[in-house]
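Participant: The following block contains the structure, expressed as structure tokens.
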2 protein chains.
Amino acid sequence: MSILVLGTVALDSVKTPFGFRRNILGGSAAHFSMSARLFTPVNLVAVVGQDFPGKHIKFLEEKGLILTSLNRDKGKTFRWEGKYEGDLNSALTLNTELGVLSTFQPTVSAKQKKIKYIFLANVDPDIQRHLLGHIHSPRLIGLDSMNYWIHHKRKELLRALKLIDIYVANDQEARSLSGETNLLKSARYLRSLGPKMILIKKGEHGVLFYSDKFIFSLPAYPTDKVIDPTGAGDTFAGGFMGYLARAKKLNAAVIKKALAFGTVAASFNVEDFGMDKTSRLTLEDLEKRLIRFRNCVVF
Amino acid sequence: MSILVLGTVALDSVKTPFGFRRNILGGSAAHFSMSARLFTPVNLVAVVGQDFPGKHIKFLEEKGLILTSLNRDKGKTFRWEGKYEGDLNSALTLNTELGVLSTFQPTVSAKQKKIKYIFLANVDPDIQRHLLGHIHSPRLIGLDSMNYWIHHKRKELLRALKLIDIYVANDQEARSLSGETNLLKSARYLRSLGPKMILIKKGEHGVLFYSDKFIFSLPAYPTDKVIDPTGAGDTFAGGFMGYLARAKKLNAAVIKKALAFGTVAASFNVEDFGMDKTSRLTLEDLEKRLIRFRNCVVF
């Protein structure tokens, strides 16, 4: 089953202890797509400006993404500038230029309205809800957000959370929205807001999954090659949703394996800048590392 | 096979968001023993002062610990006072009184010199080496330390690390001693100091195991009941070493299961103050939770 992902396609400038890259391809929807595409066709819903390089469009096309609803609007492409220091576990945002994102109204084709697997990557919760209004009969909806919306558009975010199945948050966001420091208590609170499944990303510490039926927890894939963690969370979500869409069914075993695939996809993402690593992957690469990962956690 | 553990037996005063306890039984060797005893007989090598309450001695005896080498010296028992705030993941030490610990010279009986499984819990690295000098033919030696010794007795600690098999450190200590922020790089560096097995405890984020043969990583047991984490690391080490001593053999499968038992033991420890929870456990309790834990991490 194909996936539709709404989010950002951006030009990122990133500095880490291992180098600096200016205006490389980034954004929540782009990172998500780069891992989800390994499992299933991905429809990208986003906006870029007139300054967006044609080579990036060509690159996304070559990766097999369906770009029918990637709009090119008047104005500048969304830009993010950030840096990582020390343990590279959290980014320091240096600058954000919304550009065309500030007036973004997503539209989708008649065919895309029938897509069953939807992921609302991080954008304004009003835009997320707007898009959902166009989808005819979604089977599974995931949503990611960020601290900015938790603080500035809490009411709108809470409204969006009532409409979705899977809320993907990082640990800071989970604590911030729930007011709980313990992550299991956070997850339980977030569950009470609507989503049946709560997925808390903990960066280098892995992931916690919570539902009424079961709890699941995985460490990150142990790696000493962390070059640029930008987009790791979206890459995780892409691997997770991608596997679910490919599996077509939803039970504990499928969800657990999807979490493992997400973990493994994210572990590749951090190994190089931007999408330099994930854009070169095959499903076989993920499957091979999944076996190694299993040996690292199964007792 | 029985275990010999060297370390502290202390009187702890602990404040957490859930209450305050004054002069409760604590210390690295005591916490270690409380979980190791579930697997195998434990010989406790430590010192207390004349102020040490007889009821604590009786309590340790009732838990089946072998107290032949628990000395009572002239002076005061080692006392630690600390508090936890926020996410309860790290303690703030308010006060430390070494008392009899400052002149501690451990001695062991002729029978204890023949013990094969040795754990050197956190005390001065010179004391740890002194004790090792008395052991005839140890099969497996574990060692824990703390930041204080890394900074103030680095040379002595490095000397001790050359004599042992398993170095148990928390993430801060591992980073501090290795100078590496990435934990896998830290582990590799610590391995180069001598110990064949490196075990990095990450508190609420679980554990990372490193050896030349394999890497293993587990999250913590997901729990929302964290009352007092004091001694969780020692409880972990007790479950880990206890299982190894009981298993008598050493291979990847045994080590992985020992890490899981350590994780589960630590998860009980945090559920109440001091040893209130771990002192009431049976091996069956650990085994039951191990099965639940397996369902939380196996995909």
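Participant: Do we have any residue at all in segment B:107-114 that's assigned to a strand (DSSP E or B), closer than 17 Å to B:Ala46 by Cα, without any contact (Cβ under 8 Å) to a residue 60 or more places away in the chain and not basic (Lys, Arg)?
Facilitator: No: zero hits.
Participant: Restricting to segment A:201-220, give me the number of residues that are surrounded by 24 or more Cβ atoms within 10 Å (Cβ to Cβ) and more than 10 Å from chain B (Cβ to nearest Cβ).
Facilitator: 1
Participant: Within segment B:171-182, which residues are within 14 Å of chain A (Cβ to nearest Cβ) and in contact with a helix residue (DSSP H, G or I) (Cβ under 7 Å, 6 or more places away or on another chain)?
Facilitator: Answer for segment B:171-182, where residues must be within 14 Å of chain A (Cβ to nearest Cβ) and in contact with a helix residue (DSSP H, G or I) (Cβ under 7 Å, 6 or more places away or on another chain): B:Asp171, B:Gln172, B:Ala174, B:Arg175, B:Ser176, B:Ser178, B:Glu180, B:Thr181.
Participant: Oh, and also: Any idea which of (1) surrounded by fewer than 16 Cβ atoms within 10 Å (Cβ to Cβ); (2) modelled with pLDDT of 95 or more; (3) farther than 25 Å from A:His136 by Cα is the one A:Leu11 doesn't satisfy?
Facilitator: Condition not satisfied by A:Leu11: (1).
Participant: Can you pull out every residue in segment B:221-238 that is among the polar types (S, T, N, Q) and either closer than 12 Å to B:Lys201 by Cβ or within 12 Å of chain A (Cβ to nearest Cβ) (or both)?
Facilitator: Residues satisfying the conditions are B:Thr223, B:Thr235.
Participant: May I pose another question? Before we move on, is A:Asp224 touching a helix residue (DSSP H, G or I) at 6+ places or on another chain (Cβ under 9 Å), within 26 Å of B:Leu183 (Cβ to Cβ) and at pLDDT below 95?
Facilitator: Taking the combined requirement at face value, the residue satisfies it.
Participant: Turning to a different aspect of this structure: Being among the β-branched types (Val, Ile, Thr), at pLDDT below 95 and closer than 17 Å to B:Gly274 by Cα: is that true of B:Thr93 here?
Facilitator: Yes, satisfied.
Participant: Select, from A:Phe268, A:Phe240, the only residue that is under 20 Å from A:Gly7 (Cα atoms) and touching a residue at least 24 places away in the same chain (Cβ under 8 Å).
Facilitator: A:Phe240
Participant: If you don't mind, another one. Quick check on A:Ala220: is it farther than 29 Å from A:Ile115 by Cα and in contact with a Lys or Arg (Cβ under 9 Å, 6 or more places away or on another chain)?
Facilitator: yes
Participant: Going by what's in this entry, would A:Ala187 be described as within 11 Å of chain B (Cβ to nearest Cβ), in contact with a strand residue (DSSP E or B) (Cβ under 7 Å, 6 or more places away or on another chain) and more than 14 Å from B:His205 (Cα to Cα)?
Facilitator: When the stated conditions are applied, A:Ala187 passes them.
Participant: Every residue in segment B:7-34 that is assigned to a strand (DSSP E or B), closer than 20 Å to B:Pro53 by Cα and not small (Gly, Ala, Ser), please.
Facilitator: Listed by number, the residues that qualify are B:Leu11, B:Asp12, B:Val14, B:Phe20, B:Arg21, B:Arg22, B:Asn23, B:Ile24, B:Leu25.
Participant: Checking the condition within 13 Å of chain A (Cβ to nearest Cβ) and either under 14 Å from the mean Cα position of the chain (by Cα) or surrounded by fewer than 24 Cβ atoms within 10 Å (Cβ to Cβ) (or both), which residue from B:Lys248, B:Lys288, B:Lys257, B:Lys277 passes?
Facilitator: Among B:Lys248, B:Lys288, B:Lys257, B:Lys277, only B:Lys257 is within 13 Å of chain A (Cβ to nearest Cβ) and either under 14 Å from the mean Cα position of the chain (by Cα) or surrounded by fewer than 24 Cβ atoms within 10 Å (Cβ to Cβ) (or both).
Participant: Looking at segment A:164-195, which of its residues are closer than 16 Å to B:Pro222 by Cα and under 15 Å from the mean Cα position of the chain (by Cα)?
Facilitator: A:Asp171
Participant: If you don't mind, there's one more thing I want to ask. How many residues are touching a residue at least 40 places away in the same chain (Cβ under 8 Å) and closer than 18 Å to A:Gly274 by Cα when one looks only at segment A:63-78?
Facilitator: The qualifying residues number 3.
Participant: Just for segment B:260-274: of the residues that are of a type in the set (Phe, Trp, Tyr) and part of a helix (DSSP H, G or I), which one is surrounded by the most Cβ atoms within 10 Å (Cβ to Cβ)?
Facilitator: This residue is B:Phe261.
Condition check ((1) without any contact (Cβ under 8 Å) to a residue 40 or more places away in the chain; (2) within 21 Å of A:Thr230 (Cβ to Cβ); (3) in contact with a Lys or Arg (Cβ under 7 Å, 6 or more places away or on another chain)) across all residues:
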{"position": "A:Val14", "(1), (2), (3)": "no, yes, yes"}
{"position": "A:Pro17", "(1), (2), (3)": "no, yes, no"}
{"position": "A:Phe20", "(1), (2), (3)": "yes, yes, no"}
{"position": "A:Ala29", "(1), (2), (3)": "no, yes, no"}
{"position": "A:Leu38", "(1), (2), (3)": "no, yes, no"}
{"position": "A:Glu61", "(1), (2), (3)": "yes, no, no"}
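Participant: Given the conditions (1) at pLDDT 95 or above; (2) under 12 Å from B:Ala266 (Cβ atoms), report the number of the one that B:Met241 does not fulfil.
Facilitator: Status for B:Met241: all satisfied but (2).
Participant: Of all residues in segment B:260-270, which are more than 12 Å from chain A (Cβ to nearest Cβ) and among the hydrophobic types (A, V, I, L, M, F, W, C)?
Facilitator: Once the filter is applied, which keeps residues that are more than 12 Å from chain A (Cβ to nearest Cβ) and among the hydrophobic types (A, V, I, L, M, F, W, C), segment B:260-270 yields B:Ala265, B:Ala266, B:Phe268.
Participant: Condition (residue is of a type in the set (D, E, K, R) and buried (at least 20 other Cβ atoms within 10 Å of the Cβ)) applied to segment A:29-42: is it met by at least one residue?
Facilitator: Within segment A:29-42, one or more residues are of a type in the set (D, E, K, R) and buried (at least 20 other Cβ atoms within 10 Å of the Cβ).
Participant: While we're here: Please determine, by comparing only the residues of segment B:60-102 that are closer than 21 Å to B:His134 by Cβ and assigned to a loop (DSSP other than H, G, I, E, B), which one is nearest to the other protein chains (Cβ to nearest Cβ).
Facilitator: B:Leu65
Participant: Further question: Here is a check on your reading of the model: is B:Ile227 outside any strand (DSSP E or B), over 18 Å from the mean Cα position of the chain (by Cα) and among the hydrophobic types (A, V, I, L, M, F, W, C)?
Facilitator: yes
Participant: Going by the structure shown, is A:Leu4 assigned to a strand (DSSP E or B), touching a His at 6+ places or on another chain (Cβ under 9 Å), in contact (Cβ under 8 Å) with a residue 24 or more places away in the chain and crowded, with 24+ Cβ neighbours inside 10 Å?
Facilitator: For A:Leu4, the condition - assigned to a strand (DSSP E or B), touching a His at 6+ places or on another chain (Cβ under 9 Å), in contact (Cβ under 8 Å) with a residue 24 or more places away in the chain and crowded, with 24+ Cβ neighbours inside 10 Å - is not met.
The values are calculated or read from the model by the stated rules, or taken from the named source; none is laboratory data. These numbers come from a predicted model, not from an experiment. Please note: Cβ atoms are built from the backbone with ideal geometry, for glycine as well, and neighbour counts cover all protein chains shown.
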